[in-house]
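Beneath this line is the structure, given in structure tokens, with notes to follow.
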Amino acid sequence: MSHFWRLKMMLTWLAVATAIVFDASSLFAASPQVVRPAQPVGGPTVVQLNQQDGPHILLRLDMADMIDRRLRATRGDIRTLLMGAKIGFNGLAVSGKAVQVRITDPAQIDAAKTALSPITAPAADGSVREMTLDGSEPGLLKFLLSDEGLKHQTSIAIAQCIEVIKNRLQELGVAGPVVQTTDQDGILIQTAGVPDRQILGNILTRPGRLSFQLIDLSMPVMDAINGRPPVGSLVLYTQDDPPIPYLIEKRVVLSDKNVLDAKASYNAQGDERVVVFRLDSKGTAWFRQITAQNVGKPFAVILDDSVISAPVIRERIDSGFGQISGNFTVQEAKNIALLLRTGPLPARLTIAEEAR
């Protein structure tokens, strides 16, 4: 898949009014729906890695990425809670291992603390309090990720990564793999009969995050690059050479969570390999609404933080089927479909060691 990102990709929605070369629904008729596994109870067994473990891949959790995602999620929660309570604020930002926000009206400080109490509530199992509140500076509320919270989040991320890895190994047809933790942030994968562990490791560590987001037309993208993007937007690039920039709204219209299934297929009309995917009912309904409200406007298809397509919405889209097409090889199309079927990793993984 090393040259996948250099491919010029296009997303074509299979709308009812569009002439379809094949019946996309038939591709999924005999396939069970993809069910994302729940977090395992009790956590995985920790093992010690040694030289006698034989062929293996050792992966490590990217702690910085995991912390960043947790804090950005908290920032979004703070914004939602304060707006819902109609409390004015500014300066909402991530700083170190904290998220801070300034309440504009001092008289609303107590109301803001009440509205934001879910941020510091104990985790669902009641075991730890992930975020703590520091309100020592007047008007400024600072939510800090605790050491216990970081450990808790790491445990959850590792357990979820293991489930995704197991699903990917199963989809790849790898026989008898053993997947275990080696320490707090390490995952050991032992396999037999795999000719190229580097390729396997690259597939297992692909984040696999797909999202659909509207393109911000409020200012030219070069102005955003040379100055500052509008609040709520950011600049993302394609993997072309040279890369093409787009000003993207941060709000996610649809994500991989709305993808029920995906398959590699062949489009005879375009004489190309494609990946056809199916949305759930919520995703289909939501996209129907978004496309109806934004006819004539472009939106971006983003895979792992890179823009892979930026088509214009021509009409309201009622179908729950989508198609990603490009100059794929058979294996590339299969790999992309596999990523969509098995879901994204909760945080980035890096390859720490490979032994044959």
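The values are calculated or read from the model by the stated rules, or taken from the named source; none is laboratory data. Just so it is clear, the structure is predicted and the values come from calculations on it, not from any experiment. As a convention, Cβ positions derive from the backbone with ideal geometry for all residues, glycine included, and neighbour counts pool all protein chains shown. Note: areas computed on protein heavy atoms with side chains; ligands, DNA, RNA excluded. Shrake-Rupley method; radii C 1.70, N 1.55, O 1.52, S 1.80 Å.
Please determine whether any residue of segment 207-218 is loosely packed, with under 15 Cβ neighbours inside 10 Å and either within 19 Å of the chain's Cα centre (by Cα) or at pLDDT 90 or above (or both). Scanning segment 207-218 turns up at least one residue that is loosely packed, with under 15 Cβ neighbours inside 10 Å and either within 19 Å of the chain's Cα centre (by Cα) or at pLDDT 90 or above (or both). Would you mind stating whether residue 306 is closer than 19 Å to residue 248 by Cα and either within 18 Å of the chain's Cα centre (by Cα) or open to solvent by 30 Å² or more (accessible area, probe 1.4 Å) (or both)? For residue 306, the condition - closer than 19 Å to residue 248 by Cα and either within 18 Å of the chain's Cα centre (by Cα) or open to solvent by 30 Å² or more (accessible area, probe 1.4 Å) (or both) - is met. You will find that of 194, 164, the residue that is part of a loop (DSSP other than H, G, I, E, B) and of a type outside the set (Gly, Ala, Ser) is 194 and no other.
Of the set (1) within 17 Å of the chain's Cα centre (by Cα); (2) without any contact (Cβ under 8 Å) to a residue 40 or more places away in the chain; (3) under 30 Å from residue 63 (Cα atoms); (4) crowded, with 20+ Cβ neighbours inside 10 Å, all apply to residue 247 but (1).
Residue by residue, here is whether (1) at pLDDT 95 or above; (2) touching an Asp or Glu at 6+ places or on another chain (Cβ under 9 Å); (3) buried (at least 16 other Cβ atoms within 10 Å of the Cβ) holds:
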site: 50; (1), (2), (3): no, no, no
site: 69; (1), (2), (3): no, no, yes
site: 87; (1), (2), (3): yes, yes, yes
site: 101; (1), (2), (3): yes, no, yes
site: 114; (1), (2), (3): yes, no, no
site: 118; (1), (2), (3): no, yes, no
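Can you say whether residue 82 is within 30 Å of residue 198 (Cα to Cα), of a type in the set (A, V, I, L, M) and not in a loop (DSSP other than H, G, I, E, B), as far as the supplied structure shows? The answer is no for residue 82.
Quick check, is residue 178 within 26 Å of residue 56 (Cβ to Cβ) and of a type in the set (A, V, I, L, M)? Against the criterion (within 26 Å of residue 56 (Cβ to Cβ) and of a type in the set (A, V, I, L, M)), residue 178 qualifies. Every condition in (1) touching an Asp or Glu at 6+ places or on another chain (Cβ under 6 Å); (2) exposed (fewer than 15 other Cβ atoms within 10 Å of the Cβ) is met by residue 260 except one, and the failing one is (2). Cβ separations smaller than 8 Å between residues 6+ apart or across chains give the following pairs from segment 208-220 residues that are closer than 19 Å to residue 338 by Cα to residues that are of a type in the set (Gly, Ala, Ser) and surrounded by fewer than 21 Cβ atoms within 10 Å (Cβ to Cβ): 209/255; 210/255; 211/255; 212/255.
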